[in-house]
Amino acid sequence: MTNESEPIALETDVLASAERLRDSVRRLLAECGKAVVGQSEVLEQLVLAILARGHCLLVGVPGLAKTLMVRTLADGMNLSFSRIQFTPDLMPSDITGTDILQEDKSTGGRAFRFVHGPVFANIVLADEINRTPPKTQAALLEAMQERQVTVAGQRHKLPDPFFVLATQNPIEQEGTYPLPEAQQDRFMFDIRVGYPDENEEFRIIEATTSPGKPRLDRVISGPELLAMQELVLQVPAAEHVMRYAARLVRSTRPAESGTPAPEFVKKYVAWGAGPRAGQSLILAAKARALLYGRTYVAIDDVKAVAPPVLRHRVITNYGAESEGVSPDEIVRRLLTSLPRDGEKD
């Protein structure tokens with residue numbers, strides 16, 4: 001079995017590509033830092049998800065620069081950006097687009113022409129996604145999973161790369177429509193955006209109440225990003241690392257056979273994560289390995305990305321809610337108690 005402390009040999013051109021990826025991401029994060037104060041961990045998680053071809057759900061109170069972060073990333077990567085403000089009266093066609101009847105002035109004939117909706121962009125910001133009814137939320141399902149939309153029986157491919165970055169406000173739930181578990185599972189990461197510290201808050205006030213805006217350089221193009229995503233797939237993950245990810249996911253299921261769940265999972269969890277969680281763990285871990293200068297995936301990479309991958313896929317029961325046990329606490333306990341392959345409890 002390969003020791004995770006020893007890098008797996010890759011071809012020279014791949015190693016050079018990995019170094020270029022790290023350099024490009026460093027420059028991208030530096031550019032984002034010109035416009036976004038703090039939130040370095042959130043920005044890194046966004047980049048990891050994009051490198052791994054995943055969608056993100058950003059949860060945080062208003063005023064924490066969630067929209068600004070997404071727009072800044074799109075600008076830094078020279079990608080098309082579209083913002084959809086979700087409201088109770090938003091219809092699916094308002095997102096996907098619709099067919100319109102158009103007259104040809106030269107012939108007098110009429111024909112339907114498809115008009116693209118705002119989902120036809122490289123990066124789509126679904127702002128306050130829980131404020132629109134389920135039928136409109138569901139309009140994103142096909143787009144997120146199949147990267148296409150179907151209107152009047154015709155399929156229309158979305159641009160590549162394509163990402164949905166959705167925001168939610170956790171403190172105001174009146175008049176909202178919580179995302180169903182099936183749709184939450186479409187998001188690779190559930191990223192929690194917290195308050196800035198005192199120095200960061202001072203810098204935010206200083207920067208936003210002064211004249212002038214920072215000018216961002218575009219450091220990554222669409223084709224370069226596609227090449228980076230292909231490079232992420234080439235990063236090798238040893239069998240024991242993938243088995244660790246599988247055991248971690250299976251341990252979140254209270255009634256799973258073969259991999260007995262810990263007692264605290266049986267006590268507090270109603271439903272655990274599905275197979276898509278394991279896929280997300282390994283893909284995100286591969287992206288993190290490259291970002292941290294390694295050409296192989298370590299178990300520590302899996303553990304680092306586990307909270308944003310699992311927190312929205314672990315559904316707690318009433319007992320957990322009454323005792324204040326959150327999904328994050330469940331994941332933390334699992335990461336502490338689950339042994340690595342070859343290690344004893």
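Among the residues of this structure, GLN137 counts as one that is free of Cβ contacts under 8 Å to residues at least 60 places away in the same chain and in contact with a Leu (Cβ under 8 Å, 6 or more places away or on another chain). Pairs are defined by a Cβ separation below 8 Å, a sequence spacing of at least 6 or placement on different chains, a first member in region 1-29 that is under 15 Å from GLN229 (Cα atoms), and a second member that is of a type outside the set (Gly, Ala, Ser) and at pLDDT below 55; the pairs so defined are ALA18/LEU10.
Condition check ((1) of a type in the set (S, T, N, Q); (2) part of a loop (DSSP other than H, G, I, E, B); (3) more than 30 Å from ALA30 (Cα to Cα)) across all residues:
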residue	(1), (2), (3)
PRO161	no, yes, no
ILE171	no, yes, yes
ASP190	no, no, no
PHE202	no, no, no
LEU216	no, yes, no
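Within region 204-222, residues that are more than 16 Å from LEU68 (Cα to Cα) have Cβ atoms under 6 Å from residues that are assigned to a helix (DSSP H, G or I) and among the basic types (Lys, Arg) in these pairs: VAL219/ARG27, counting only partners at least 6 apart in sequence or on another chain. The set of residues in region 168-219 being closer than 30 Å to ALA304 by Cα and among the aromatic types (Phe, Trp, Tyr) consists of PHE187, PHE189, TYR195, PHE202. The strands (runs of 3 or more DSSP E) located wholly in region 91-138 that include 2 or more residues which are under 27 Å from the mean Cα position of the chain (by Cα) occupy 123-127.
The values are calculated or read from the model by the stated rules, or taken from the named source; none is laboratory data. Remember, it's a predicted structure, so these values are computed and weren't measured experimentally. Reconstructed Cβ throughout: ideal geometry from the backbone, glycine too, with neighbour counts over all protein chains shown.
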